[in-house]
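Engineer: Mind looking over this structure? Questions follow.
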Amino acid sequence: MKHIDLIIIGGGPIGIACGLEAKKNNINYLIIEKGPIVNSLFNYPINMQFFSSSEKLEIDNIPFISKEAKPKRNEALEYYRRIVTSNDLNINLFEKVNSVKKEKEVFNIKTDKGTYTSSFVVVATGFYDLPNTINAPGEDLSKVSHYYKDPHFFAKQKLAVVGASNSAVDAALECYRKGAEVTMIVRGPEIGQRVKYWVRPDIINRIEEGSIQAFYNTTIKEIQSDSIILKTVEGEKIIANDYVLALTGYTPNFEFLNKIGIHLSGDGKLYPQYNEKTMETNIHNLYLAGVICGGMDTHLWFIENSRIHAKMIVKSILEKVIS
Ligand SMILES: Cc1cc2nc3c(=O)[nH]c(=O)nc-3n(C[C@H](O)[C@H](O)[C@H](O)COP(=O)(O)OP(=O)(O)OC[C@H]3O[C@@H](n4cnc5c(N)ncnc54)[C@H](O)[C@@H]3O)c2cc1C
C-alpha cells in the first residue's frame, strides 16, 4: 500500500488544476483518473465548440491559444494534455476509485487497480458519467443514446432529439445539416432560455421554416424499434424513427459521494455541502472541486468559475500542514 499526501480523484480540467497547484507547492500528490486525460472532454461531441473563450478555460494563466475565440474540443484536449505532459504531472489513467474511507486521520482509497492511503483527498469527479434518463420503455434499445458524438452517423436517418438545452440543440442543428431528418421532442413549451444566444435564433428559425420538426409540451411514452410513441397535448402520436438521442442532461454520482460520507442537502438531498472559503467538506481534510460542487444544478459551475478551487484547496492544505 502506497501513502500519498494528497490524492485527487478525477483528471478533468479541475483535477489537473489541483495537481498542478500541488506540484508547484511541493505537495506529494497523485491524480487518479478512470479514463484518459480529461475523460469528459474526450467524450464530448467531436465538433463541439466551447461557449467560453479560451482564456477563460486556462489553468494557472498558462496561455490557451485557439484558432477562434471559443475553442473546439480537439484544441481543449491538446491544451490540457500538454499541461499534464509538459509539467510531468503525477496521474494514473484508466484507474477507477471505488471507495474512500477514513480511519482515524488517514484516508483509505481503493481503486480497481490497488489501494492507497492519503492525508488529504480532493473529489473532482464532475457530472458527465450519469445521464438523466427519460424513463420510457425502450430506452435501453441500442438505437437510444444519451451521448452524441458524430453527425455523419445520422445522415439519411430519422433522428429524434430529446431535450431543448445546448447539447440537444447543437446535436439537432448539426445532424440536420448533415442530412438527418430531425425531430425535437421538448418537454417544455419552448427551446431552453439558456441555449447560447448566438445559436438559439438558428434553431428557432429552422423549426419555424419546417426544416426541423419540433413537438413542444411533449414526452415520450415508448420507444419501439422503428417508431416512438409521443404524449403530446393533443394526445398520443406515433412517429417513424431510426435513432433517439436523449440529451436531457447529466447528474453527479451522488451514490459515490454518499458512500464517502459527504453531507448532501437540499430538496431530495442533492447538493453536496462544503465550506465556500476552503472547499472542505464535512469530512476533515476531504475537499470538493470543480463542477461537482453544484450538485443537481449542473449549470452553476464551469471550468471558468471553478478553476479557482485548486488554489483555495492547496492554500487550505498548506495552512493545515504549517499550523
Ligand atoms: C457539452 C458540454 C459543454 C461544456 N462547455 C463548457 C464551456 O464552454 N465552458 C466551461 O467553462 N464549461 C463548460 N462545460 C462544463 C464544464 O466545463 C465541464 O463539465 C468540465 O469538464 C468540468 O471539469 P471538472 O474537472 O470539474 O469535471 P470533469 O471534466 O467531468 O472531470 C471529472 C473527471 O473525473 C473522472 N472520474 C469520475 N469518477 C471517477 C472515479 N470514481 N475514479 C476516477 N476518476 C473518476 C471522470 O472520468 C472525469 O475525467 C461544458 C460541459 C458539457 C457537458
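One line per residue, one yes/no per condition, for (1) touching a strand residue (DSSP E or B) at 6+ places or on another chain (Cβ under 8 Å); (2) surrounded by 13 or more Cβ atoms within 10 Å (Cβ to Cβ); (3) in contact (Cβ under 8 Å) with a residue 40 or more places away in the chain:
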site: V233; (1), (2), (3): no, no, no
site: A240; (1), (2), (3): yes, no, yes
site: G249; (1), (2), (3): yes, yes, yes
site: N275; (1), (2), (3): no, yes, no
site: G290; (1), (2), (3): no, yes, yes
site: M296; (1), (2), (3): yes, yes, yes
site: W301; (1), (2), (3): no, yes, no
site: E319; (1), (2), (3): no, no, no
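Engineer: Something else now. For Y243, state whether it is hydroxyl-bearing (S, T, Y), under 19 Å from T133 (Cβ atoms) and modelled with pLDDT of 95 or more. Steps first, please.
Structural biologist: Numbers: hydroxyl-bearing (S, T, Y): yes; under 19 Å from T133 (Cβ atoms): yes; modelled with pLDDT of 95 or more: yes.
Here the answer is yes, as Y243 does meet what is asked.
Engineer: Something else now. Give the residues of region 250-276 that are away from the ligand (no atom under 11 Å from the Cβ) and touching a helix residue (DSSP H, G or I) at 6+ places or on another chain (Cβ under 7 Å), sorted by residue number. I'd like the intermediate steps shown before the answer.
Structural biologist: Within region 250-276, the subset away from the ligand (no atom under 11 Å from the Cβ) is 251, 254, 258, 261-276.
Across region 250-276, the qualifying residues are L264, L270, P272, Y274.
Engineer: Inside region 51-150, counting only strands (runs of 3 or more DSSP E) that do not spill past its ends, which hold 3 or more residues that are buried (at least 19 other Cβ atoms within 10 Å of the Cβ)?
Structural biologist: On the way: elements: 97-103, 106-111, 115-123.
The qualifying strands (runs of 3 or more DSSP E) are 115-123.
Engineer: Identify the residue in region 207-224 that is hydroxyl-bearing (S, T, Y) and under 14 Å from I239 (Cα atoms) and, among all such residues, is surrounded by the most Cβ atoms within 10 Å (Cβ to Cβ). Can you show your working first?
Structural biologist: In the first step, residues of region 207-224 are kept if they are hydroxyl-bearing (S, T, Y); the result is 211, 216, 218-219.
Pick out the ones that are also under 14 Å from I239 (Cα atoms) and you get 218-219.
Values: T218: 20, T219: 15.
The extreme case among them is T218.
Engineer: Between K110, K104, which is within 14 Å of the ligand (Cβ to nearest atom), without any contact (Cβ under 8 Å) to a residue 24 or more places away in the chain and farther than 19 Å from F42 by Cα? Lay out the reasoning, then the answer.
Structural biologist: Details: K104 fails: within 14 Å of the ligand (Cβ to nearest atom).
Of the residues listed, the single one that is within 14 Å of the ligand (Cβ to nearest atom), without any contact (Cβ under 8 Å) to a residue 24 or more places away in the chain and farther than 19 Å from F42 by Cα is K110.
Engineer: Here is a follow-up. Of the residues E33, E78, E68, E55, which single one is among the acidic types (D, E), at pLDDT 95 or above and near the ligand (Cβ under 7 Å from one of its atoms)?
Structural biologist: Values: E78 fails: near the ligand (Cβ under 7 Å from one of its atoms); E68 fails: near the ligand (Cβ under 7 Å from one of its atoms); E55 fails: near the ligand (Cβ under 7 Å from one of its atoms).
Result: E33 is the single residue among E33, E78, E68, E55 that is among the acidic types (D, E), at pLDDT 95 or above and near the ligand (Cβ under 7 Å from one of its atoms).
Engineer: So, one more: Being among the aliphatic types (A, V, I, L, M) and in contact with a Ser or Thr (Cβ under 9 Å, 6 or more places away or on another chain) is the filter; apply it to region 276-299 and report the residue that is nearest to Y250 (Cα to Cα).
Structural biologist: Taking region 276-299 and keeping what is among the aliphatic types (A, V, I, L, M), we get 279, 283, 286, 288-289, 291-292, 296.
Add one more test, that the residue is in contact with a Ser or Thr (Cβ under 9 Å, 6 or more places away or on another chain), and what stays is 279, 288-289, 291-292, 296.
Details: M279: 22, L288: 18, A289: 17, V291: 12, I292: 11, M296: 9 Å.
In this case the residue turns out to be M296.
The values are calculated or read from the model by the stated rules, or taken from the named source; none is laboratory data. Computed from a predicted structure; not experimentally measured. Don't worry about glycine lacking a Cβ; one is built from the backbone with ideal geometry, like all the others, and counts go over all protein chains shown.
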